[in-house]
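Laboratory data are not the source of any read-out in this text; all were calculated from the coordinates shown. On a predicted model such as this, the values are computed, not experimentally measured, just so you know. Quick reminder, even Gly has a Cβ in these numbers, built from the backbone with ideal geometry, and neighbours come from all protein chains shown.
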Amino acid sequence: MEDVGVSFTSDAVGEVLGNKQSEFQRSGNFGSVPAREHRQMTYDQLVARLSDAIEAADISRGLRALSDHVGAAGYLLMRQDANAGTPLENVIASDWPFDLVRKSVPLLADVTRSTELDKCLSVLQPQFAMLPDAIGLPKGASNQYCSIAFNVGRIRYSLTLLCPVDIILSQQGLRSLGVHCSYLASLLFSEQVKSGRELELTDRELECLYWIAEGKTSDEIATIIGISKNTINNYITSVMRKTATRTRSEAIAYAVRNNLV
């Protein structure tokens, strides 16, 4: 594999998005990153670097180790919650130039509009796409990128990697990277996972969801449980509100993806 020299710098964005840029620079998620070369890394070396990142509670260090391992030209990790705030607020860590993040994140956030079934099928499956030619890429990076979705508890994340020029990223290596990234995030985001559980469905809502998954209608569920059809529909509406789904089929897919039924 060729060595890939990648230079990351942060361009001034003026007052765009208020103080968001300086906030990211202080946190170390964005800003100037020294030019670095990718060299093929053994699995033992990767594990050692991930262990250091976990010990330091530094997600950026772990993501850099993973992107170095597969030869990517840069990483961006973001949440993809349907009810989250603006796209930029969902960014957790990145070594892309800030201006590139600002321009590309709204494009990457479009995946949140996919159905629950699509989300379920896409977990840990590398998805390749292209950024606009004039978007302003770092040296050594092509405009092709790869996104890998994974879940930590009930929170969905995506890791987007810039593909280097003249190097094809391994599909097997990318799937393995997704698994490792999921494990890394589960260790470092334990508090977020805990807070996500505060929105868990009630026992009655889970019961209704189970019977929906079994193909039962509202009338049939009402007969089985022994309450009115209107009450059943209210429970089902509450389930879809909490899971940010639009139909019963999407609610079932959400339940399957999160091991609720």
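Would you mind pulling out the separation of the Cα centroids of the range 122-151 and the range 153-172, in Å?
Rounded to whole Å, the Cα centres lie 7 Å apart.
Where nothing but the Cβ of Lys and Arg (+1) and of Asp and Glu (-1) is charged, how large is the charge dipole of the range 141-261 around its Cα centre, in debye to the nearest 20?
140
In a Debye calculation with equal point scatterers on the alpha-carbon sites of the range 48-101 and no solvent, what is log10 I(q)/I(0) at q = 0.13, 0.17, 0.23 Å⁻¹?
-0.37, -0.61, -0.92
Can you give the local net charge around residue 235? Use residues other than it whose beta-carbon is closer than 10 angstrom to its beta-carbon, Lys and Arg +1, Asp and Glu -1.
Combined, the nearby Lys, Arg, Asp and Glu give -1.
Whole percent per 5 Å bin, from 0 to the bin with the longest distance: what is P(r) over all C-alpha pairs of the range 121-261?
2, 9, 15, 14, 13, 12, 10, 9, 7, 4, 3, 1, 0, 0
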